[in-house]
Amino acid sequence: MRALASGLLALALATTASGEAGESGTPAAPKVLTIAGVETPQGFDKDFQQQVASTEAQANVGATLIRYGVRTDAKGVQLEDYGKLLPGLAESWTISRDNLAHTFKLRKGVKSHYGNDLTADDVKWTYDRSFTLKGLGVTSFGLEPFLDADGVKVVDPNTVEFRLKRPNPVFLLVLAAPASLIWDSKEARKHATDQDPWAKGWIANNGPGFGPYKVESLMRGQEAVFAAHDRYYLGAAPIKRVVYKAVPASSNRLALLETGAVDVALELTPLELEQAKSKSGVKITSSGGSRFIALVMNQTKPPFNNPKVRKAMAYAAPYDDVLNSVYRGWASPWRTVIAANQLGYTEEYWPYKTDLGRARAVLAEAGYPRGFNLTITSSVEQVTAQEIAILYRTNLEKIGIRAQMENLPAAAHREKLFQAGFEAIMWSAQASVPDIGYAMNIYFRAASRPNWGKFNDPEIDKAVEKGLSLFGQERVEYFSKLQKPILEAVPWISLAQPGYHFAARSNIEGFVYHNSNHIGFAELGKK
Amino acid sequence: MNAVRLIGQRLAWLIPQLIGISLVTFCLVRVIPANPVYLLAGPSPTEESIRAIILDLGLDQPLHLQYVDYMGRLVRGDLGISWISRQPVVEELRSRLTASLELTVLSLAAALALGVTMGVASALGKGRALDQVLRLVTLVGLSMPRFWFGLLLVFVFYYHLRVAPPPLGRIGLGVAPPAHVTGFYVVDSLLTGNLPALGASLAALALPVLAMSFMIAAPIAKTTRAAMVEMLSNEYVRHARACGLPRRQVWAYAIRGALPPIITMAGIVFSTLLGGGVLVETVFGWPGMGTYAVQSINSSDYNAVQGFVLITAIITVAVFLIIDLLYVIIDPRVRH
């Protein structure tokens, strides 16, 4: 319904396209950035709140021990460089020869939003909290087999050591991810109560970090306001205030951007992006991004436990139609199994194209000459996924697979995914650690939870495991080659990479694409 | 005296009603195959992290113990915390409710003024041109999708004519909400003498109230017309007319007779809109009850859903009590 509504207004807007936008509208006061988002953050607690707007806010209130470097891609768009790590809250670090002990020297004079100095205690408390509460700060990186609370040691007020139980080649990459931010424990402790010893309620509302912005106010469902942290350790951000508004209707986000009432509009539909592009005063910066969309098949039972059936599905997928009619060119083809922003990404091993004749032949070979019945599950919140599923169904019907659609609320969709209670399911995700080996380990190992379709290929399982202990370039090269056999085994059907499209007024500059799909407010400037 | 007894009876009934409603909602949210745990567990969960969430939410307890625990807190006015935002549901609902009430009460008032006028005019001129036109307007109002009308208003008045503020919720950009007294922005800005906030919140209300009231004016107009047509052909009205009473007085008699169904309709519309205004809320970025309910259901936020249903139930009961009391005032037959 909402999509229809957006579509209608976008259409209405398109018919009256003229040069009026840009010259009129009320420009926001200088140094204030107004963002039209889908919803407000639900909270600032990295251990519990993980909705898109929440992680976006956390990335801006928090600071991490180390940071990803920045590189520029072929199109001139800046994005994170995972081959280069920069000092953050830690000014330097050393790693023991056995790759177990990681010792970080903390930068001196770093102040939190509340004026407290950063100490090793803050790091310790942050991890104690995440481990005790089994929070997303550790679970979303699969850290638990490698580290526990006791492994985080205060050496002296300015030195902290992480002693791993076994080597983890992606540990530094994890520490640079937004959910590895460090809390101001001194302030947080003041708000702990007997019932809430880890100040869950307070942190959710206040996000006491060392990052470039502090929380000024949060009215859930309405707006969140951030103020630049004057004593941020990398220097106060140029944008002094950020107003993050909830604008649920995407057509309204577009209208607000066109009129200049907001500086940035998030999550526009392909149709709206197309329209925004032609407007003066609006600039769209696109990056391949970390997100991908796939059809996951349940491989615990027939027919998808048969790799040939999955291969037939791969030949039946409407790759070009998805890019052209669903995304209208605002997505990239996805010709592998890892995201475009990761080191080691290559399309050279991609063996598929839409070929219904071939699909029919492979399906017959697999023992299903007359096809089978299938239910494709998608989430009501992901309109594009539903549209893709409908296109897919048309092709499947032509090879004898009779598919019906099932659209579920987010939580129900998620439960089906978790319980492998689906036959085939539309799934969109991004890996929380930007590492090719990490992604392959969680998605293609038989014993891994997020291997939702229960893909189980002993050869690949062994090959992935073997590469996990590799470091650096060797690791990237090893896993890069693994894309070939994995694609042959069809663990899922790779459909498209929706990319990230930063739609902003043209006087907003400095955008850097981040793996976690957040906007770094401190990186932006306003002319 | 009748009225006092009525209130007493209703309040006595309220308790079992609420217990029943809480029990049904409690069971329903848990029966639906949409366990919130999986949504909360993040992108790469482990068995332990899932276990930790189940323990944290108390979902490992048998259902009846969970219910006893829930009721124990409910008695103390504690609706639990939202699992998504980690905030007390009572507080979240309070801000959502005031936002919804502000919008709905104003919309209903506008709709009543518009709908009753249209209905009466239509009935008085039954069959004539004005009646046909008004019936057409009513039909359009009844059949036009609410969100579409809202978007149309945004398009015309904000995007095109630039006379309305941007559809950004309860108050425009760059204006701070008034200091909190009641939670109703219009009332609070009046109380604190905050003129900029008053102007901004009234401006922000204009389009959503227009969108909502035009839609609900239609059923009210339809009901009014039907009731008025019936009343005008009633014997007491015909008698009044035959006695040569002035036309206005005759109409006043008829309107009074037609009020009960109109009030009932208004009550029904009001209770539906409070939680069901989600489309208008979405279009105007209005942080009301409807969007809260939809979000909570989508993410299986049990406490939030239960809290929403309970509050809506209480308000619905209250609204119908008020309607019945109005009956007592309007209709002498009920009084005696």
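The values are calculated or read from the model by the stated rules, or taken from the named source; none is laboratory data. Not measured: the values here are computed from a predicted model. Heads up, the Cβs are rebuilt from the backbone with ideal geometry, glycines too, and the neighbour counts pull from every protein chain shown.
Of all residues in the range B:1-44, those that are of a type in the set (D, E, K, R) and surrounded by 15 or more Cβ atoms within 10 Å (Cβ to Cβ) total 2.
Of the strands (runs of 3 or more DSSP E) entirely within the range A:237-337, those holding at least 2 residues that are touching a residue at least 12 places away in the same chain (Cβ under 8 Å) and surrounded by fewer than 21 Cβ atoms within 10 Å (Cβ to Cβ) occupy A:282-287. Of all residues in the range B:164-185, those satisfying the criterion of being part of a loop (DSSP other than H, G, I, E, B) and over 16 Å from A:Ala36 (Cβ atoms) are B:Ala164, B:Val175, B:Ala176, B:Pro177, B:Pro178, B:Ala179, B:His180, B:Val181, B:Thr182, B:Gly183, B:Phe184. Looking across the range A:102-142, the residues that are assigned to a strand (DSSP E or B) and out of contact with any helix residue (DSSP H, G or I) (no Cβ under 9 Å at 6 or more places or on another chain) come down to A:Thr103, A:Lys105, A:Lys111.
Being surrounded by 18 or more Cβ atoms within 10 Å (Cβ to Cβ) and assigned to a helix (DSSP H, G or I) holds for only one residue in B:Ile329, B:Ile315, B:Ile268, and it is B:Ile315. If you go through the range A:185-228 and pick out every residue that is away from every other protein chain (no Cβ under 12 Å), surrounded by fewer than 24 Cβ atoms within 10 Å (Cβ to Cβ) and part of a loop (DSSP other than H, G, I, E, B), you end up with 5.
When the test is whether a residue is under 16 Å from A:Val490 (Cα atoms), modelled with pLDDT of 95 or more and among the polar types (S, T, N, Q), A:Thr375 does not pass it. Scanning the range A:308-319 turns up no residue that is in contact with a strand residue (DSSP E or B) (Cβ under 6 Å, 6 or more places away or on another chain) and within 28 Å of A:Phe502 (Cβ to Cβ). Would you call A:Arg370 surrounded by fewer than 22 Cβ atoms within 10 Å (Cβ to Cβ), more than 18 Å from A:Ser494 (Cα to Cα) and basic (Lys, Arg)? When the stated conditions are applied, A:Arg370 passes them.
Among the residues of the range A:443-465, those identified as touching a Lys or Arg at 6+ places or on another chain (Cβ under 8 Å) and not charged (D, E, K, R) are A:Ala446, A:Asn451, A:Val464. Here is the figure for the range B:42-78: residues that are facing chain A (nearest Cβ under 9 Å) and touching an Asp or Glu at 6+ places or on another chain (Cβ under 6 Å) total 0. In the range A:230-258, of all residues being among the β-branched types (Val, Ile, Thr) and in contact with a Lys or Arg (Cβ under 9 Å, 6 or more places away or on another chain), the one that is nearest to B:Gln295 (Cα to Cα) corresponds to A:Val247.
State which residue is farthest from B:Val186 (Cα to Cα) when the search covers only the range B:87-120 and only residues that are surrounded by fewer than 21 Cβ atoms within 10 Å (Cβ to Cβ) and of a type in the set (D, E, K, R). The residue in question is B:Glu91. Within the range A:17-45, no residue satisfies the criterion of being basic (Lys, Arg) and at pLDDT 95 or above.
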